[in-house]
Each structure stands twice: as C-alpha cells, then as structure tokens.
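Engineer: Starting off with a structure, shown below.
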Amino acid sequence: MEVITQPWPWYVAGPAIAFVLFLLFYFGKAFGVSTNLETICTIGGAGRISDHFKTDWKARTWSLIFVVGIIIGGFISSQYLMTSQAIDLNPQTVQDLAELGFANAGNEYLPAEIFSTDNLLSLKGIGILVAAGLFIGFGTRYAGGCTSGHAITGLSSLQLPSLVATIGFFAGGLLMTWFLFPLIF
C-alpha cells in the first residue's frame, strides 16, 4: 500500500502517462475530458436546439467510460488511499492564503471558505460558480479542448495550437492567482 499512497517519482509517472498516450494514439483516440460535456448534451437531446450537438455520441462512449473511471478512481483514492487531508504547501503560500482569509490552508483539500454549504449557497458563492462555469465552459470550447487535452495530448503530438492554448492556460492561472483571487477573497 505504501507504493500506492505516496506520490510517484517523475521517472515512473512520466513514462506511465506516455504509455497511455501511446495507446490512445494507436487506437486513434485523443486524451481530454471537455468533449464529454458536449457528448452528454447530445445524449440529453440538445441536437433539437442546436445543430452543433447533432453528432454520433456512440463514437465517444469510450470517453464517457474514461470519465466514469476518473470519478470512481477519485472516490477510491479519497476514501481508501489518503492517509490525511493535509497538503504539503509552501509555508509562504500558507501565509499568503491566511492573509486572504483562509484559516486552514494546507490542512484540507477543499477549503471551507470556498466549499462549505453556507458559502456555496451565498450570493457570492453562486456568482463565483456561475462565472467560473461560464469562463471554463466557453474557454474550453473556444480553445478547442481542455487543459489536459492540450497540455498532454496536443503538446506530445507537437501541435502549435496546443502550445498557444497551454501558454494561455498558464497565463490565465497567473492572472487569477496574483490579481483576481485577492480581489474576490
């Protein structure tokens, strides 16, 4: 169990990711998660509203199974393989988060200041969720894929649009971390 519960070194995790990508390329598939929302909308009948959703969703069944595997794997990991909820954060990060009002930074994965029921049901919490959902949903469709799809599959197959998208993702993350996050909290 010790091997499973501890972070894997780069020389093990990197080749494992490369092997999975090789298998996906071999079978003509692309790694990514964002197209599953489109597939779910198609299954739900969104094709009656927009021609964009008139696709063969059965060709993407493998990707839906992949997402179900992610959910099951995350559940198993969080329930049975985590020794604690504490995160190994840089002390400066803990201090910066404490100054923004996060009392237990580093002690749990989901800070109560954002993810508690009271905060999620507040006007500010709902506003953050709606804005984040719109930005992420629009951004992934506009960029032609999500972070994992571009940064892992796109870069490994040397696609220039994926390089541009990945740079944009990192620039957006820096903008959020250094400028917007302190304004929101």
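Engineer: Among Phe27, Ile70, Ser50, pick out the residue whose Cα is farthest towards the positive end of the charge dipole of the range 1-73, where Lys and Arg carry +1 and Asp and Glu carry -1 on C-beta, about the Cα centre.
Structural biologist: Ranked along the dipole, the leading option is Ser50.
Engineer: Right, next: Using θ = phi - 60° and the Karplus relation 6.51 cos²θ - 1.76 cosθ + 1.60, list the HN-Hα couplings for the range 113-119 in order, rounded to whole Hz, with x at every Gly or Pro.
Structural biologist: 5, 10, 9, 6, 4, 4, 6
Engineer: Take Phe135 and Leu110, extend 7 Å from each Cα along the Cα→Cβ direction, and tell me the distance between the two endpoints in nm.
Structural biologist: It works out to 2.1 nm between the two label points.
Engineer: Starting from the 7 Å offset along Cα-to-Cβ, what nm value, one decimal, do you get for the label separation of Leu174 and Ile126?
Structural biologist: In this crude spin-label approximation the distance works out to 3.6 nm.
Engineer: What ranking do 128-139, 34-45 get when scored by the average of other Cβ atoms within 10 Å per residue, highest first?
Structural biologist: In descending order of packing, they fall as 34-45, 128-139.
Engineer: Identify which of Asn107, Asn119, Asn90 has the largest mean-square fluctuation in a Gaussian network model of the chain, with springs joining Cα atoms closer than 10 Å.
Structural biologist: Comparing Asn107, Asn119, Asn90 in a Gaussian network model of the chain, the most mobile one is Asn90.
Engineer: Quick check: Cα centre of the range 3-17 to Cα centre of the range 133-170, how many Å?
Structural biologist: 24 Å
Engineer: Between Ala86 and Ile70, how many nm apart are label points set 7 Å from Cα along the C-beta direction?
Structural biologist: 3.0 nm
Engineer: Near Lys29, which lysines are there with a Cα under 30 Å away, not counting those fewer than 8 places off in the same chain?
Structural biologist: Lys54, Lys58
Engineer: Okay, moving on. Where the centroid of each part is defined by its Cα atoms, how far is the range 83-116 from the range 26-57 in Å?
Structural biologist: Going from one Cα centre to the other spans 36 Å.
Engineer: Still on this structure, please answer the following. Over the chain, what lengths in whole Å, largest first, do the semi-axes of the equivalent ellipsoid take, defined as the square roots of 5 times the eigenvalues of the alpha-carbon gyration tensor?
Structural biologist: After diagonalising the Cα gyration tensor, the semi-axes are 30, 24, 19 Å.
Engineer: For the range 149-160, take each phi angle, set θ = phi - 60°, evaluate the Karplus expression 6.51 cos²θ - 1.76 cosθ + 1.60, and give the result in whole Hz per residue in order, putting x for glycine and proline.
Structural biologist: x, 6, 6, 9, 6, x, 5, 5, 9, 6, 8, 4
Engineer: On to the next question. Between beta-carbons, use under 13 Å as the cut-off and find the net charge around Ser50, counting Lys and Arg +1, Asp and Glu -1.
Structural biologist: Net local charge, Ser50 excluded: +1.
Engineer: I would also like to ask the following. Filter the chymotrypsin sites (Phe, Trp or Tyr not before Pro) in the range 1-76 down to the DSSP loop ones having no more than 16 other Cβ atoms within 10 Å, then list what survives.
Structural biologist: Counting only loop positions with at most 16 other Cβ atoms within 10 Å, the chymotrypsin sites (Phe, Trp or Tyr not before Pro) in the range 1-76 are Phe27.
Where a number appears in this text, it was derived from the coordinates with a stated rule and is not lab data. Please read all numbers here as calculations on a predicted model, not as lab measurements. Heads up, the Cβs are rebuilt from the backbone with ideal geometry, glycines too, and the neighbour counts pull from every protein chain shown.
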